[in-house]
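Nothing in this text is a laboratory measurement; each read-out follows from the coordinates by a stated rule. This structure is a prediction, so every number in the text was calculated from the model and none was measured. Positions of Cβ are backbone-derived with ideal geometry, glycine not excepted, and every protein chain shown enters the neighbour counts.
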């Protein structure tokens, strides 16, 4: 059984984030990048299935500019067998629908039975690529999965996270696309041996021009999906900030807790 | 009756969910801004035995409630519900589709959107018309920024709305209802419902706690949670956590507060070392009084807190525990 993990390279959360001069996204020049945290769990889930002899191949795919190749290297070093890079600078600003279409064009003839992705990307937070790919490939789909089990070669049993500490158990007929929640497993790190081995693994590079409709679709996407502005979040009412020595602050807090809540 | 705005209604335990009435309120405001009639707001309910729910929704904001019923959609599945949604959108041809950003909403809405060939603006905190166009406001970079999206010529313009982003509709209306055999199509469903499970709980019920002291990633390790627990105990409260804490196993999952954990409204909420990702904030912003302690002055938690302390929680929290005990005469 062949499996695929969709991954994304995203800015590290401790990067210096600044809004770009157009006010439409962050200034990418200042940022450092790494593998999206959710995707590490998705990769780990497939590596475990491979360790258990349930899947034969784990392929990592990303759609992004040149810099994204290092995230694929991380996946290969961690244990993925090969990688596919849909490489185009236009992809860093593309909308999720055209990215999903490019992914589908790249993988539709590969015959993956199980496609995993992280629940969301830590940069644009869309949570859309997984379901989009599922629908465009006409595969079964489940999101926010906290437990995944391959029952046999045709069925997966998953638990989807709901609200209030509940999960929904769902049986999916393969092929299926599943997005995973963090905490589903404990992701491994690349070993030195893995890093060495990764150098010999295949990374297939495709350009949008290689994919049916790809370049034109990305170019046309601004007509249906365009960031008008990016701004700092509204301050809300905003907290009154207390400062001083710890015991003074503590006394002040006790006074307020008494006055405002009556719990002391 | 044209359909300008279609709402994907959700129900649970035999009642329409409150999040749906938030969508209804938003739809009424958008119709006003666009110069559309409130008669052009429709809602879709999917499930089985929905007649009374449909009437209730028609009496509270929806001009027409389409209720799609069938044995195959009795329980939520991604296949069943997204096919019905996609089919009804095709038939009604709305300009805007609104769903809630709930586990079922974020699951089936993008499936239907991709089927229709339109993008989706997810987890929006607002939608508003500017210069004749609806613009969709949502978070990016986990709440570090807000992004305003223009969905251009997409039809429909499709969005999922963050829970609690808009106050629920409370008006009374006299809408109509229409039953529809759920149009799930001929192809077999590939996602099958196999039950709902409660994750094991150690008897912790944060929803009833008057005081919650929560720790986040900033606590640093499971063994350092003592300071948070001590303060909770001094205040007679419970211990809460943000998602990374339960993911890393520092505390069991039932302590998690936020969109995937529990929603709480204590009289007093103290957030220690929690940056305030939106997923956490939606679960605690209804608290009576919020105190936040964090090293990072720019942490979004200070946006919802009443009082903030920028500093080391390992200095502030023990000092507060001591002061609380003294105040209670236990020092």
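How many angstrom lie between the C-alpha centres of segment A:1-80 and segment B:116-153? If you average the Cα positions of each part, the centres end up 25 Å apart.
Give me a single rounded figure for A:116-128: the average over its residues of other chain Cβ atoms within 10 Å of their Cβ.
Per residue, the number of nearby Cβ atoms from other chains is 5 on average.
Between helix B:105-116 and chain B, what is the angle of the helix's C-alpha long axis to the longest principal axis, kept within 0 to 90° and rounded to the nearest 10? Orientation of helix B:105-116: about 40 degrees from the principal axis. Inter-chain Cβ neighbour count for A:91-97, averaged per residue, equals 3 (cutoff 10 Å, partner chain atoms only).
For chain B, modelled as a GNM whose springs connect Cα atoms under 10 angstrom apart, the maximal fluctuation among B:40, B:52, B:79 occurs at B:52. All Cα-Cα separations within segment A:10-96 were binned at 5 Å from zero, giving a P(r) of 3, 13, 20, 22, 17, 11, 7, 4, 2, 1, 0, each value a whole percent of the pairs. Over all pairs of different C-alpha atoms, chain B has a mean inverse distance whose reciprocal, the Kirkwood radius, equals 21.5 Å.
Relative to the longest principal axis of the Cα atoms of chain A, the long axis of helix A:246-261 makes an angle of roughly 90 degrees.
Peptide packing: for A:33-40, B:105-112, the average count of neighbouring Cβ atoms within 10 Å per residue gives the ranking B:105-112, A:33-40, highest mean first. Size estimate for segment A:1-58 follows the Kirkwood approach: the inverse of mean 1/r over distinct Cα pairs works out to 13.5 Å.
Computed from the C-beta positions of residue A:243 and residue A:223, the FRET efficiency with R₀ = 41 Å rounds to 0.25.
Here's the picture: a label point sits 7 Å out from the Cα of residue B:52 along the beta-carbon direction, and within segment B:62-89 nothing has its amide nitrogen under 12 Å of it.
Remark: relative contact order (segment B:206-327) = 25 percent; criterion is Cα-Cα distance under 8 angstrom and separation of 6 or more residues. A compact globular protein would have a Cα radius of gyration near 2.2 N^0.38 Å; the ratio found for segment A:2-223 is 0.98. Counts of other chain beta carbons within 10 angstrom of each beta carbon in peptide B:152-160 average 2. Anyone know which of A:164, A:125, A:30 comes out most mobile in the 10 Å Cα GNM of chain A? In this elastic network of chain A, the residue with the biggest mean-square fluctuation among A:164, A:125, A:30 is A:164. Take the Cα of residue B:326, step 7 Å along the line toward its Cβ, and report every residue of segment A:231-260 whose backbone nitrogen sits under 12 Å from that point. Residues A:246-255 fall inside that zone. A full extension of the chain between residue A:24 and residue A:169 corresponds to an added length of 48.2 nm, given 0.36 nm per residue minus the alpha carbon distance.
Set the Förster radius R0 to 25 Å, insert the Cβ-Cβ distance between residue A:90 and residue A:110 as r into 1/(1 + (r/R0)^6), and round the FRET efficiency to 0.05.
0.60
For segment A:2-223, averaging the sequence separation of C-alpha pairs within contact (under 8 Å, six or more residues apart) and dividing by the residue count gives a relative contact order of 25 percent. Please determine, in degrees from 0 to 90 and to the nearest 10, the orientation of helix B:313-327 with respect to the longest principal axis defined by the Cα atoms of chain B, where the helix direction is its Cα long axis. Helix B:313-327 and the main axis of chain B meet at about 70 degrees. Ranked by the mean number of other Cβ atoms within 10 Å per residue, highest first, peptides B:120-126, B:316-322 order as B:120-126, B:316-322. Length gained on full extension, residue A:190 to residue A:67, computed as 0.36 nm times the residue gap minus the Cα-Cα distance: 42.4 nm. Applying D = kT/(6 pi eta Rh) to the protein assembly as shown, where Rh is the Kirkwood radius over alpha-carbon pairs, T corresponds to 10 °C and eta to 1.306 mPa s, the Stokes-Einstein value obtained is 64 µm²/s. Packing here is the average count of other Cβ atoms within 10 Å per residue, and on that basis the peptides A:112-120, A:221-229, A:186-194, highest first, run A:112-120, A:221-229, A:186-194. Pairs of Cα atoms in segment B:5-181 fall into 5 Å distance bins, from 0 up to the last occupied one, in shares of 2, 9, 19, 23, 23, 15, 7, 3, 0 percent. The helix-based estimate of mean residue ellipticity at 222 nm for chain B, built from -39,500 (n - 2.57) per DSSP H run of four or more residues and divided by its residue count, is -8000 deg cm²/dmol to the nearest 500.
With the convex hull of the Cα atoms taken as the outline of segment B:77-215, the averaged projected area works out to 13.4 nm². The fraction of all Cα pairs in segment B:206-327 landing in successive 10 Å bins from 0 to the largest distance is 16, 53, 30, 1, given as whole percents.
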